[in-house]
Structure formats: C-alpha cells, structure tokens
Amino acid sequence: MDHCPHRLTDLLHSLAQSIPDRHMAVCRDLTKQSEQVWRGSAAELAAAIVEPAGEFTLVVAGAEPVEQPAATHPIALLQALLAEGVSPSTLAKALRRTGMARGEAYDLAQTLKGA
C-alpha cells in the first residue's frame, strides 16, 4: 500500500480548485483510538490538512441536482409541441413509444391540450 501523505493534500487542493464549495469529510485512522474526522468544504479542508499522517478515507457529498430549464422539461416540451400544432393523437402515438399505456398517453395529451 502506498503511504504518501502528499497524495491526500494534492487531492484536496485539486478538489478545492474544481469543486471548492462541495462538502466532504476526511477521516483518519477509522476504527482506531486515534480516529479523527474533519468536515468542511474542499477549500477549507485543503487549507486545514497540511501534513497528514495515518490512513485516510475521503467522503465527498454528491452534487446538488440541477433543475432542467423549462424548455427541456418533458411536460413543457409536450405543451410546446401542442402549441406548434401537433395533434393530441400524434402526441399520444409518440408517448406510446416510451412504453406509456395507450389510454394514459391519450389522456395526458388531452390534459395538456386543455392546460
């Protein structure tokens, strides 16, 4: 196993540049009496952990979901197609290709037409 402390600091500095506000935890010597956990943003941890020693585990929070712009939201897209003159029956046929049941597809197309 490679015990190079600079690898952790290099990784933290790289993360601080690419995702500086992402929350994470750096855990040292898990399951030992000397266990320590530091929590903060990538930038905060890169500044705080200068000379690491021990075995480390890095836990990085997942990215926040990005909302789709209204134009690419599926319902908005269906409404735009109806506004452009696509008939509800044509729209229902297209929805059927996604595996949606025939009646459900037609009901959705009709509901969107009335919206």
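What follows draws every value from the coordinates through simple rules; no lab data is involved. Quick caveat, the model's predicted, so the values are computed rather than measured. Glycine gets a Cβ as well: all are built from the backbone with ideal geometry, and neighbour counts include every protein chain shown.
Summary table below
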| quantity | calculated |
| --- | --- |
| Charge dipole (the chain, unit charges on Cβ, about Cα centre) - positive-most of 8, 56, 87 | 87 |
| Local electrostatic count at residue 48 - Lys and Arg +1, Asp and Glu -1, tallied over other residues with Cβ under 14 Å | 0 |
| Computed FRET value (nearest 0.05) for residue 111 with residue 25, which takes r as the C-beta separation and R₀ as 41 Å | 0.35 |
| Rounded to the nearest 20 debye, dipole of the chain from Cβ charges on Lys, Arg, Asp, Glu | 700 debye |
| Length-normalised contact order of the chain in % [C-alpha pairs under 8 Å, at least 6 apart] | 21 percent |
| Candidates 15, 58, 77: whichever shows maximal mean-square fluctuation once the chain is modelled as a Gaussian network with Cα springs under 10 Å | 77 |
| Extension gain (nm, one decimal) between residue 51 and residue 18, 0.36 nm per residue minus Cα-Cα | 9.7 nm |
| Spacing of the two label points (7 Å from each Cα toward its C-beta) at residue 32 and residue 67, in nm | 4.7 nm |
